[in-house]
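Novice: Just passing along the structure, written as structure tokens.
The values are calculated or read from the model by the stated rules, or taken from the named source; none is laboratory data. What you see is a predicted model; the values in this text were computed from it and never measured. Here Cβ is always computed from backbone atoms with ideal geometry, including for glycine, and neighbour counts include all displayed protein chains. To get the accessible areas, we keep the full protein, side chains included, count just its heavy atoms, and leave off ligands, DNA and RNA. Shrake-Rupley method; radii C 1.70, N 1.55, O 1.52, S 1.80 Å.
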Amino acid sequence: MYKPVANKILVDVLVKSGLIGAEDAVDYIQAARQEHKNLNSYLIRHGILTDREIVEALSKQLNLPIFDLKEKEVPQAVIDRVPVKFASFYKFMPVAIEGNVLTLAISSPLDVRMEDDIRVHLGLEPQEVLALRSDINEALKKYYGLASDTIDRILTKDPSKRKSDGNQEAWVEDIEKKSEDPSVAKLVNQIILEAYQKRATDIHFEPYRDKMRLRYRIDGTLMDANLPPEARHFLLPMLSRIKIMSNLSITEKRLPQDGSTVVRTKDQDLDLRISTMPALRGESMVIRILPTKSMRTRLEDLGLNEQNALKFRELIQRSHGIIFVTGPTGSGKTTTLYACLHELNRDDIKIITIEDPIEYEMEGITQIAISPKLNFSFAEGLRSILRHDPDIIMVGEVRDLDTAEIAIRTALTGHLVFSTLHTNDAASGITRLIDMGVEPYLVASSVEAFVAQRLIRLICPQCKEEAVVPDSVRQEMSRSLKIPAEAVKAYHGRGCEVCNKTGYYGRTAIYEILQMDEHIRAMLTAKPSTEKVKHSAMKNGMATLRQNGWQCVAAGVTTVSEVLYVSSKDNF
């Protein structure tokens with residue numbers, strides 16, 4: 001929205017402050033007019049000035065205070081008094097009301113006409129303070145709810161939408177493309193973009209009686225997305241929109257469905273995996289977000305310490321055998337395998353993967369997706385893969401005896417095979433295969449290693465501080481790290497705006513690498529217990545998940561509670 005009067009005030013301030021030249025200002029105003037933007041937005045969007053530079057110049061020249069929206073809370077009574085349509089349209093955040101004076105945070109000057117609109121429609125006298133443009137946008141989401149402006153405009157434009165099931169046409173599209181038209185399509189795009197910008201891996205749409213809940217999974221933890229209550233009127237249209245985007249049936253609501261689609265942001269394309277499930281009060285939907293450029297390619301980036309990285313590299317350079325990565329769902333097993341394949345991917349090597357589903361597209365690697373509907377399973381795929389002359393094979397998961405035996409026999413015939421198992425630790429991988437029905441001699445002769453892993457959250461660097469260590473933990477860390485108890489230190493995050501008050505920002509992995517040595521291979525004939533296998537591996541130098549976790553705590557990477565949550569105590 002182009003604002004000539006406000007732009008003139010801003011130009012005068014910026015020229016007087018020496019941030020832009022008078023001649024350049026004329027060009028900037030003309031360019032902003034052509035883009036239908038105010039000058040503030042244009043300068044920031046094109047990297048000419050930063051948000052903070054503009055606000056500080058306005059504060060100095062107009063003698064207006066700067067209001068920190070991140071540190072100060074806005075009373076609910078103020079939010080209730082000022083409709084979202086006003087705050088969003090004029091790009092301000094109401095922060096206080098005293099008598100008939102409304103204090104509002106702005107990032108660029110309001111012109112006289114806009115101030116008059118506030119007086120007429122709200123019956124309040126505007127008093128301006130300054131705030132960063134980005135902080136105002138975040139505050140609008142925080143206090144009014146995600147996409148509240150779009151929802152309000154849809155209802156204002158067509159109140160019948162409250163009861164509509166609305167089916168929207170969809171294409172693979174740019175979800176950051178600006179649109180002035182309020183629609184369910186725009187609402188869905190805002191939700192997906194917001195989730196991506198907050199580093200979410202999943203979006204959960206959950207129906208309940210007279211309400212809906214939208215949650216994002218960030219760093220492995222679900223967090224409420226703070227949609228306004230009116231969003232419940234648009235649950236069915238939103239789900240229909242997403243179904244059309246992913247080629248699912250919008251009429252089928254009684255059975256689960258799975259689909260996928262691609263959307264585009266300014267940074268990269270996003271692969272979206274959609275899953276629906278019939279629930280008591282309607283359909284529940286989960287969207288998995290897979291950024292195409294986020295694949296880590298170096299083993300060190302996965303969280304492997306120097307010792308484990310050396311072990312891992314030695315293992316994946318072997319010419320044959322099978323390496324199992326173990327752990328529960330969501331522990332990052334597939335990401336670790338992809339990193340291994342990236343390191344091994346060369347022009348003189350043929351790599352084939354068989355997955356369910358294919359999570360990331362990798363150039364130079366043949367990737368195959370299984371299809372249960374067509375009776376194309378892991379076992380069937382493996383049989384076909386062997387006729388395609390591979391050097392390295394990745395099997396997404398060993399789920400049954402048939403797949404396990406074919407994968408193991410493939411490793412025995414001179415291929416290097418990677419796969420995953422669902423077990424609690426590395427030693428449990430052996431007993432899991434034997435319980436499936438695999439002969440112990442096949443496990444002993446084919447498996448090179450079991451690698452267990454877990455994901456742990458990283459302490460937010462912005463609010464990191466030293467934490468109190470309980471005596472029992474202090475003693476355990478002292479024994480594990482072989483350091484004096486008084487030398488044990490730990491840290492945590494107190495919570496800030498950067499980490500959404502959680503104290504954590506990002507995740508890394510901890511590992512436990514059990515290499516099959518001659519002693520363990522000999523033990524397998526007696527079908528040993530998990531404890532005996534683990535004890536033998538530890539005597540030969542294996543660092544457990546718990547020990548790896550304590551190393552991360554001592555290094556100030558993660559917290560004590562994260563390690564206690566993801567690993568079990570070593571009773572040896």
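Novice: Kindly indicate which of 380, 363 is out of contact with any Leu (no Cβ under 7 Å at 6 or more places or on another chain), surrounded by fewer than 19 Cβ atoms within 10 Å (Cβ to Cβ) and under 19 Å from residue 420 (Cα atoms). Give the steps one after another, and end with the answer.
Specialist: On the way: 363 fails: under 19 Å from residue 420 (Cα atoms).
The unique qualifying residue is 380.
Novice: Here's a follow-up. Within segment 513-524, is even one residue open to solvent by 30 Å² or more (accessible area, probe 1.4 Å), within 23 Å of residue 332 (Cβ to Cβ) and not β-branched (Val, Ile, Thr)? Walk me through how you get there before you give the answer.
Specialist: If we filter segment 513-524 for residues that are open to solvent by 30 Å² or more (accessible area, probe 1.4 Å), which is where we start, we get 515, 517-519, 521-523.
Now restrict to residues that are within 23 Å of residue 332 (Cβ to Cβ): 515.
Checking which are not β-branched (Val, Ile, Thr) leaves us with 515.
Scanning segment 513-524, I find at least one residue that is open to solvent by 30 Å² or more (accessible area, probe 1.4 Å), within 23 Å of residue 332 (Cβ to Cβ) and not β-branched (Val, Ile, Thr), so the answer is yes.
Novice: Let me ask something additional. Please find, among 539, 534, the residue that is out of contact with any strand residue (DSSP E or B) (no Cβ under 7 Å at 6 or more places or on another chain), touching a residue at least 40 places away in the same chain (Cβ under 8 Å) and either open to solvent by 40 Å² or more (accessible area, probe 1.4 Å) or under 14 Å from residue 512 (Cα atoms) (or both).
Specialist: Of 539, 534, the one residue that is out of contact with any strand residue (DSSP E or B) (no Cβ under 7 Å at 6 or more places or on another chain), touching a residue at least 40 places away in the same chain (Cβ under 8 Å) and either open to solvent by 40 Å² or more (accessible area, probe 1.4 Å) or under 14 Å from residue 512 (Cα atoms) (or both) is 534.
Novice: Sort out which residues of segment 390-428 are among the polar types (S, T, N, Q), in a loop (DSSP other than H, G, I, E, B) and either touching a Leu at 6+ places or on another chain (Cβ under 7 Å) or open to solvent by 50 Å² or more (accessible area, probe 1.4 Å) (or both), and write them in order of number.
Specialist: Of segment 390-428, the ones among the polar types (S, T, N, Q) are 403, 410, 413, 419-420, 423-424, 428.
Checking which are in a loop (DSSP other than H, G, I, E, B) leaves us with 413, 423-424.
Once the filter is applied, which keeps residues that are among the polar types (S, T, N, Q), in a loop (DSSP other than H, G, I, E, B) and either touching a Leu at 6+ places or on another chain (Cβ under 7 Å) or open to solvent by 50 Å² or more (accessible area, probe 1.4 Å) (or both), segment 390-428 yields 413, 424.
Novice: Next up: Take residue 29 and decide whether it is assigned to a loop (DSSP other than H, G, I, E, B), out of contact with any Phe, Trp or Tyr (no Cβ under 6 Å at 6 or more places or on another chain), over 17 Å from residue 130 (Cα atoms) and open to solvent by less than 60 Å² (accessible area, probe 1.4 Å).
Specialist: Values: assigned to a loop (DSSP other than H, G, I, E, B): no; out of contact with any Phe, Trp or Tyr (no Cβ under 6 Å at 6 or more places or on another chain): yes; over 17 Å from residue 130 (Cα atoms): yes; open to solvent by less than 60 Å² (accessible area, probe 1.4 Å): yes.
Spelling it out, it is not the case that residue 29 is assigned to a loop (DSSP other than H, G, I, E, B), out of contact with any Phe, Trp or Tyr (no Cβ under 6 Å at 6 or more places or on another chain), over 17 Å from residue 130 (Cα atoms) and open to solvent by less than 60 Å² (accessible area, probe 1.4 Å).
Novice: Restricting attention to segment 429-438, which residues are of a type in the set (A, V, I, L, M), outside any loop (DSSP other than H, G, I, E, B) and open to solvent by less than 20 Å² (accessible area, probe 1.4 Å)? Write out each step before concluding.
Specialist: Taking segment 429-438 as the starting set, the residues that turn out to be of a type in the set (A, V, I, L, M) are 430, 433-434, 436, 438.
Retained after the next criterion (residues that are outside any loop (DSSP other than H, G, I, E, B)): 430, 433-434, 436.
Within segment 429-438, 430, 433 meet the criteria.
Novice: Another question, then. Taking residue 136, is it touching a helix residue (DSSP H, G or I) at 6+ places or on another chain (Cβ under 8 Å), at pLDDT 65 or above, open to solvent by less than 60 Å² (accessible area, probe 1.4 Å) and part of a helix (DSSP H, G or I)?
Specialist: No: the conditions fail for residue 136.
Novice: Continuing with the same structure: Picking from 466, 448, which residue would you name as being open to solvent by 20 Å² or more (accessible area, probe 1.4 Å), touching a residue at least 12 places away in the same chain (Cβ under 8 Å) and under 21 Å from residue 315 (Cβ atoms)? Show your work before the answer.
Specialist: Details: 466 fails: under 21 Å from residue 315 (Cβ atoms).
Selected residue: 448, the only one of 466, 448 that is open to solvent by 20 Å² or more (accessible area, probe 1.4 Å), touching a residue at least 12 places away in the same chain (Cβ under 8 Å) and under 21 Å from residue 315 (Cβ atoms).
Novice: I've got another one for you. Find the residue count for segment 250-296, including only residues that are exposed (fewer than 14 other Cβ atoms within 10 Å of the Cβ) and hydrophobic (A, V, I, L, M, F, W, C).
Specialist: 4
Novice: On the given criteria, is residue 456 within 30 Å of residue 322 (Cα to Cα) and either modelled with pLDDT of 90 or more or outside any helix (DSSP H, G or I) (or both)? Let's see the steps before the verdict.
Specialist: Values: within 30 Å of residue 322 (Cα to Cα): yes; either modelled with pLDDT of 90 or more or outside any helix (DSSP H, G or I) (or both): yes.
Considered against the rule, which asks whether it is within 30 Å of residue 322 (Cα to Cα) and either modelled with pLDDT of 90 or more or outside any helix (DSSP H, G or I) (or both), residue 456 comes out as yes.
Novice: Only residues that are over 15 Å from residue 417 (Cα atoms) and either of a type in the set (S, T, N, Q) or open to solvent by less than 70 Å² (accessible area, probe 1.4 Å) (or both): list them for segment 339-356, please. Quick ask: steps written out before the conclusion?
Specialist: Looking only at segment 339-356, we keep the residues that are over 15 Å from residue 417 (Cα atoms), and these are 346-348, 356.
Matches in segment 339-356: 356 only.
Novice: Further, regarding this structure: Taking residue 479 as the residue in question, decide whether it is open to solvent by 50 Å² or more (accessible area, probe 1.4 Å), among the basic types (Lys, Arg), touching a strand residue (DSSP E or B) at 6+ places or on another chain (Cβ under 7 Å) and not in a loop (DSSP other than H, G, I, E, B).
Specialist: On the way: open to solvent by 50 Å² or more (accessible area, probe 1.4 Å): yes; among the basic types (Lys, Arg): yes; touching a strand residue (DSSP E or B) at 6+ places or on another chain (Cβ under 7 Å): no; not in a loop (DSSP other than H, G, I, E, B): yes.
Considered against the rule, which asks whether it is open to solvent by 50 Å² or more (accessible area, probe 1.4 Å), among the basic types (Lys, Arg), touching a strand residue (DSSP E or B) at 6+ places or on another chain (Cβ under 7 Å) and not in a loop (DSSP other than H, G, I, E, B), residue 479 comes out as no.
Condition check ((1) small (Gly, Ala, Ser); (2) open to solvent by less than 40 Å² (accessible area, probe 1.4 Å); (3) assigned to a helix (DSSP H, G or I)) across all residues:
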residue: 187; (1), (2), (3): no, yes, yes
residue: 191; (1), (2), (3): no, yes, yes
residue: 202; (1), (2), (3): no, yes, no
residue: 217; (1), (2), (3): no, no, no
residue: 239; (1), (2), (3): no, yes, yes
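Novice: Moving on. Taking residue 88, is it part of a helix (DSSP H, G or I), under 30 Å from residue 230 (Cα atoms) and either open to solvent by less than 40 Å² (accessible area, probe 1.4 Å) or among the aliphatic types (A, V, I, L, M) (or both)?
Specialist: Numbers: part of a helix (DSSP H, G or I): yes; under 30 Å from residue 230 (Cα atoms): yes; either open to solvent by less than 40 Å² (accessible area, probe 1.4 Å) or among the aliphatic types (A, V, I, L, M) (or both): yes.
Taking the combined requirement at face value, the residue satisfies it.
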